[in-house]
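> Have a look at the structure that comes next, please.
The values are calculated or read from the model by the stated rules, or taken from the named source; none is laboratory data. All figures in this text were calculated on a predicted structure; none of them were measured in a lab. Cβ sites come from the backbone with ideal geometry, for glycine too, and all protein chains shown count toward neighbours. Ligands, DNA and RNA are excluded from the accessible area calculation, which covers all protein heavy atoms including side chains. Shrake-Rupley method; radii C 1.70, N 1.55, O 1.52, S 1.80 Å.
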Amino acid sequence: MTIVEFADFECPYCAKQHKVLHELLKRYPKRLRLVFKHSPQSFHKNALAAANAGAYANSQGRFWAFAQRAFIHQSGLNSKSLSAHIAATGLNGEKAVSAIERQGFSKQIAIDQADAAASGAIGTPHLFINGRKIAGFRNESVLSAIIEEEIKKANVLLSQGISANKLYKKIIEAGKKRQT
């Protein structure tokens, strides 16, 4: 089961969704994989800088620690505080500031934004659960029900002889057509 999340670190609904997703990861520890895609919204003043900081943290293997801090401290995501958030994850804050100021991860962020546009993920948060599009915030019970439906569908495909390594590709072929 793969959840692709398009989010903006300054979006209050993304912060709420982030908490829900991490509860779901605890609930389905061996069933879920979470993929984060940057979708900084232009009306959020520090969203692009925060996305660059997140991409820097990811390049150093500390993305989830940074994301946790960024969503908790949304009101303080300027360059100075981003450096402190990066440092709190155990990384070099000065190197992060350099990456943020020169927008060193702009290509990666642009690719994520292009993916969002191509998939119709306008605004944040947007989730795709095995290709099934969910626009806007959803609580844990709603997402759990969708996950359970997707698990049943995956089990049917497995019982029909689809190999585990081809399962996700098969599922998302159909998922691109469904929306919730």
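> Provide the FRET efficiency to the nearest 0.05 for the residue 168-residue 135 pair, computing r from the beta carbons and using R0 = 22 Å.
Efficiency computed from Cβ-Cβ geometry: 0.55.
> Let me ask you something else. Given points 7 Å out from each Cα along the Cα-Cβ axis, report the residue 103 to residue 45 separation in nanometres with one decimal.
1.9
> At 1.4 Å probe size, with the rest of the protein present, what percent of the exposed accessible area of the chain is carbon and sulfur atoms?
53
> Let me ask you something else. Accessible area per residue of segment 1-131 at 1.4 Å probe, in Å²?
48
> Counting only trypsin sites (Lys or Arg not before Pro) that sit in a DSSP loop (anything but H, G, I, E, B) with at most 15 other Cβ atoms within 10 Å, what is the longest stretch of the chain containing none of them?
Result for the longest clean stretch: 103-175.
> Right, another one. Hey, which lysines would be in cross-link range of residue 166, C-alpha to C-alpha under 26 Å, not counting anything within fewer than 8 residues on its own chain?
Within the straight-line cut-off, residue 166 pairs with 26, 30, 37, 133, 152, 153, 176, 177.
> To continue, here is another question. What is the distance, in nm, between label points placed 7 Å from the Cα along the Cα-to-Cβ direction at residue 148 and at residue 95?
With each label placed 7 Å out from Cα toward Cβ, I get 4.6 nm.
> Is there a quick way to get the dipole size of the chain? I mean about its Cα centre, with the Cβ of Lys and Arg at +1 and of Asp and Glu at -1; what is the value in debye to the nearest 20?
500
> With angles folded into 0 to 90 degrees, how steeply does helix 164-175 sit against the dominant principal axis of the chain? Use alpha carbons for both and round to 10.
Rounded to the nearest ten degrees, it is 90.
> Per DSSP H run of n ≥ 4, the term is -39500 (n - 2.57); total these for the chain, divide by its residue number, and report the mean residue ellipticity at 222 nm rounded to 500 deg cm²/dmol.
-18000 deg cm²/dmol
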